[in-house]
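Every number in this text was worked out from the coordinates using simple rules, so none of it is lab data. Small disclaimer: the values here were computed from a predicted structure and weren't measured. Please note: Cβ atoms are built from the backbone with ideal geometry, for glycine as well, and neighbour counts cover all protein chains shown.
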Amino acid sequence: MTLDRAVLAFAGTMILASLALSQVLSPYWLLLTAFIGLNLLQTAFTGFCPLAIVLKRLGVRPGPCFR
């Protein structure tokens, strides 16, 4: 799995988890969904992704987007 796919898979998993938690526990979990969406948006414009940095240090091979 490349770094790009790992970032997208992590973001998708976190969004689905926060949506489920908002239904079961508290609607405040939707703030996590909003945070992830904002982070994806700023990554699209700046190219800076904190998760990509962490995954790169863990040895995940880079893809075409995050080098």
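If only residues of the stretch 2-16 that are among the β-branched types (V, I, T) and part of a helix (DSSP H, G or I) are counted, the one that is nearest to V54 (Cα to Cα) is V7. Among the residues that make up the stretch 17-33, is at least one of them part of a loop (DSSP other than H, G, I, E, B), polar (S, T, N, Q) and in contact (Cβ under 8 Å) with a residue 60 or more places away in the chain? There is no residue in the stretch 17-33 that is part of a loop (DSSP other than H, G, I, E, B), polar (S, T, N, Q) and in contact (Cβ under 8 Å) with a residue 60 or more places away in the chain. Residues that are under 12 Å from the mean Cα position of the chain (by Cα), surrounded by 11 or more Cβ atoms within 10 Å (Cβ to Cβ) and of a type in the set (S, T, N, Q) occur at least once in the stretch 26-39.
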